[in-house]
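Reading through the structure tokens given below for one structure.
The values are calculated or read from the model by the stated rules, or taken from the named source; none is laboratory data. Everything quoted here is computed from the prediction, not taken from an experiment. Backbone-built Cβ (ideal geometry, glycine too); neighbour counts: all protein chains shown. To get the accessible areas, we keep the full protein, side chains included, count just its heavy atoms, and leave off ligands, DNA and RNA. Shrake-Rupley method; radii C 1.70, N 1.55, O 1.52, S 1.80 Å.
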Amino acid sequence: MTPPGSLDIPQGLARLELLNAAIEDTAHSVLITDADLEAGPRIVYVNRGFEEMTGYDRYEVLGLTPRILQGPKTSRAVLDDLRATLERGEGFDAETINYRKDGEPYSVRWHISPVRARGEHESITHFVSVQRDVTEDRRREEQLRLLSAALEASGDPVLITDPEGVIVFANTAFLDLSGFDADSVIGATPALFKSEEHDDEFFTTMWERLRRGEGFRGEFVNRRPDGEKVHLEQTITPIFDDCGEITHFVAFGKDVTERVRMEDEVRRLAETDWLTGLANRLTLGNRLEAELDRCDRYQRPMALIMFDIDHFKAVNDKHGHEAGDVVLKAVARTVDAQLREQDLLGRWGGEEFLIVLPETDGEGAAAAAEKLRRSIAQLDLPDAPAVTASFGVTERQPNDTPRAITRRVDQAMYQAKEGGRDRVVLL
């Protein structure tokens, strides 16, 4: 009785026919020679796989040696190693280039095993060679090598991930830009470079498009190991197999960090005061208009503080403009350090400064102004004289316009000057 899971193999002639059918139908080339190494082994059997691989009919090669498959690119070192191994009665694995009947070369991987006769000495009677055509494999490997070399030679960063976003390739340009080494990047995900500059919606939109098989283009802000931010303009493209399934995502990028830095610098110069680094008059005006709109919409309080350095012309005339610049910068630093994050301090013009205080009423702004007045009066500057400042304060009124509220706070400041300077007036 045949055990469960085993094959009931016929005996005798039936078994031989089954074995022959199996060898004939295999996709690999099978070649059997005698064992005469002195004269050269002669072919005694080839299967259909051999005929299809080489282009020879089996009756053309019977009695010949396998040298008919050799040509100019066949490795002599491999053949010498093969002969020495067979003389020792051992099996042999190798890969070399053979030639078909029409002269076309092909890459072949083969394994040769000695066949021993049953008997007292178990002498070798034949050699069996099983061969596999690996030409297409080597062609693909060469294409991949060339592609990899081209990507490595590219000056632009390239990243390849699997469908789950696991990185499988990063060229040298990407590694140099990211600041990470290959061991840290390969096998990780792009979350390794996350800078917190993008919200969840950005990445959700990106993945939705990619998983639909669409490309995605955007500017990514990555973080290097030292914390420095890198701006990368990337185009991500899905790669599909023959069944239409996504196998990889390829991201081609361009480092735009310097461009972004220059744009930020231009924007900063357009929005800030060149001397103090504070907001300039244009930025103050835009913020004030936005805050007034918000207050009208939600009926929330807001206040303005305007202050002017007392007798500033005398400082310039007596101590020089360099000393005047020292005073302006010192006052700006002192006041800015005491404000809340939501407050905005800017240079309104000359020695005049304006502070926008959201969510603050008049009395609260006046108290803040008094604190700032004392801080300025206590400044001890080694390269400039001591100074004071006059403060005007006003609270936002219903339907105030930027022009109306700044005119009112300006009037309050001049009342402080006319009242003796170094004081706060709430109008």
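Report yes if some residue within the range 387-399 is touching a Cys at 6+ places or on another chain (Cβ under 8 Å), farther than 18 Å from V327 by Cα and in a loop (DSSP other than H, G, I, E, B); otherwise report no. Looking for residues that are touching a Cys at 6+ places or on another chain (Cβ under 8 Å), farther than 18 Å from V327 by Cα and in a loop (DSSP other than H, G, I, E, B), one finds at least one in the range 387-399, hence yes.
Selection of first residues in the range 339-366 that are closer than 29 Å to H321 by Cβ and of second residues that are open to solvent by 30 Å² or more (accessible area, probe 1.4 Å) and acidic (D, E), restricted to Cβ pairs under 6 Å at least 6 apart or on distinct chains, gives the following pairs, ordered by first then second residue: L345/D336. Counting only residues that are under 50 Å from the mean Cα position of the chain (by Cα) and of a type in the set (D, E), the range 52-87 holds 3 of them.
What do you reckon, is E90 part of a loop (DSSP other than H, G, I, E, B), surrounded by fewer than 17 Cβ atoms within 10 Å (Cβ to Cβ), under 54 Å from the mean Cα position of the chain (by Cα) and not hydrophobic (A, V, I, L, M, F, W, C)?
Working: part of a loop (DSSP other than H, G, I, E, B): yes; surrounded by fewer than 17 Cβ atoms within 10 Å (Cβ to Cβ): yes; under 54 Å from the mean Cα position of the chain (by Cα): yes; not hydrophobic (A, V, I, L, M, F, W, C): yes.
Taking the combined requirement at face value, the residue satisfies it.
Scanning the range 149-208 for residues that are part of a helix (DSSP H, G or I), open to solvent by less than 40 Å² (accessible area, probe 1.4 Å) and among the aliphatic types (A, V, I, L, M) yields a count of 6. So, in the range 245-257, of the ones that are modelled with pLDDT of 90 or more and not in a strand (DSSP E or B), which residue ends up farthest from the chain's Cα centre (by Cα)? Across the range 245-257, the extreme among qualifying residues is E245.
Scanning the range 415-427 for residues that are without any contact (Cβ under 8 Å) to a residue 60 or more places away in the chain, surrounded by 15 or more Cβ atoms within 10 Å (Cβ to Cβ) and within 21 Å of S375 (Cα to Cα) yields Q415, A416, R423, V424, V425.
Quick one: would you say P105 is farther than 28 Å from A21 by Cα and either among the hydrophobic types (A, V, I, L, M, F, W, C) or surrounded by 12 or more Cβ atoms within 10 Å (Cβ to Cβ) (or both)? Considered against the rule, which asks whether it is farther than 28 Å from A21 by Cα and either among the hydrophobic types (A, V, I, L, M, F, W, C) or surrounded by 12 or more Cβ atoms within 10 Å (Cβ to Cβ) (or both), P105 comes out as yes.
Kindly establish whether T54 is farther than 26 Å from R139 by Cα and either among the β-branched types (V, I, T) or open to solvent by less than 50 Å² (accessible area, probe 1.4 Å) (or both).
The answer is no for T54.
Here the helices (runs of 4 or more DSSP H) wholly within the range 1-86 that include at least 3 residues being at pLDDT below 85 are 13-25. Scanning the range 372-401 for residues that are open to solvent by 50 Å² or more (accessible area, probe 1.4 Å) and within 52 Å of the chain's Cα centre (by Cα) yields R374, Q378, D380, P382, D383, E395, Q397, P398, N399, T401.
Among residues of the range 219-240 that are farther than 13 Å from L159 by Cα, those with a Cβ under 6 angstrom from a residue that is modelled with pLDDT under 90, sequence gap 6+ or separate chain, pair up as V221/S195; V221/E197; N222/S195; R223/S195; K229/S195; V230/T257; H231/T257; H231/V260.
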